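Read the structure below first, then the notes.
Here, each number is a calculation from the coordinates, and none is a lab measurement. Fair warning: this is a prediction, and the values are worked out from it, not measured in the lab. Here the Cβ positions follow ideal geometry from the backbone for every residue, glycine too, while neighbour counts run over all protein chains shown.
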Amino acid sequence: MNTQTLNETQLTGLDDMLDRIVADTNLHTAWINTLSFLEHCGARKIHRTDFGSHLDETILSHAAEEARHALFYKKMVRKIDPSAPTDFDFSRMLCGYSGFRYFQSLDSGIERRVHGDPELKGKDRSTRNLLCYLYVTTLVEERAMSVFLAYNEALIRAGLPLRLDGIIREEEGHLDEMQQMLPLHDGRWIERLDSMRRFEREIFARFALALQRRVFSA
């Protein structure tokens, strides 16, 4: 992800919020459980998508990595607090419902844009489904890179022996794959992606506001 895109996805006050989260065991384990849930949602969405003949090793590998990331975060919760509950009840997460709404709103919003775009109507449904996957994944991975990099720095500042380096490398790899595949299926992908980024920022702002209210009221 280039520097301009990273800057555009940065959230004002993110570092302060993450420092507050990392310093509070209950907030921290709830936060990690939310990350695990969102990774699980990503894996589940991939498996439920009808890719038709487009289903290949890259997509299957991505689904497997999302599931593995969900497990990684579950194990991370145990390292911080072995007694912490780790089920996916929203009450066990940090603004879990708001995170779920972010993911669902992004997914449905991109689906409407792709399937409703007159220029893409000529493509078969499985190709449009693939485009939805490519766009949503790009947006989610860009957001994840912004948040994970900041979270990794917060872990370092707190002196905790936990790192996200491996996950960050894999997210970068996913982004590279998406940007290689998008031009093969949409000649106007750069223009469409710019518009979709603005949409993603709007809906992420709602999730971010919920997080800030919860964290700074704790």
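Please state the charge dipole magnitude for the chain, taken about the Cα centre, from unit charges on C-beta atoms (+1 on K and R, -1 on D and E), reported in debye and rounded to the nearest 20.
Using only the charged Cβ atoms, the result is roughly 680 debye.
Angle check, please: helix 25-48 long axis (alpha carbons) against the longest principal axis of the chain (alpha carbons), in degrees 0 to 90, nearest 10.
Roughly 20 degrees, rounded to the nearest 10.
Assuming a ≥ b ≥ c are the square roots of the Cα gyration tensor eigenvalues, decide whether segment 164-218 counts as rounded (a/c under 1.5), prolate (otherwise, with a/b larger than b/c) or oblate.
In terms of gyration-tensor shape, oblate.
Report, in deg cm²/dmol and to the nearest 500, the calculated mean residue ellipticity at 222 nm for the chain, where each DSSP H run with n ≥ 4 adds -39500 (n - 2.57) and the sum is divided by the residue count.
The helix contribution divided over the chain gives -26500 deg cm²/dmol.
Through the Karplus equation 6.51 cos²θ - 1.76 cosθ + 1.60, θ set to phi - 60°, convert the phi angles of segment 199-205 into ³J(HN,Hα) values in whole Hz; use x for Gly and Pro.
Each residue of segment 199-205 in turn: 4, 4, 4, 5, 7, 5, 4 Hz.
Per residue of segment 111-124, in order, report the coupling 6.51 cos²θ - 1.76 cosθ + 1.60 (Karplus, θ = phi - 60°) as ³J(HN,Hα) in whole Hz, putting x for Gly and Pro.
Ordered by residue, 3J(HN,Hα) equals 4, 4, 5, 6, 6, x, 7, x, 6, 9, 4, x, 7, 5 Hz.
Could you give the Stokes-Einstein D for segment 115-206 in µm² per second, using the C-alpha Kirkwood radius, 20 °C, 1.002 mPa s?
It comes out at roughly 145 µm²/s.
Rounded to whole Hz and in sequence order, give me ³J(HN,Hα) for segment 161-172 from the Karplus expression 6.51 cos²θ - 1.76 cosθ + 1.60, θ = phi - 60°, writing x for Gly and Pro.
x, 10, 9, 10, 3, x, 5, 4, 4, 5, 5, 4
Pairs of lysines 8 or more apart, or on different chains, with alpha carbons under 27 Å: count those in segment 3-216, would you?
4
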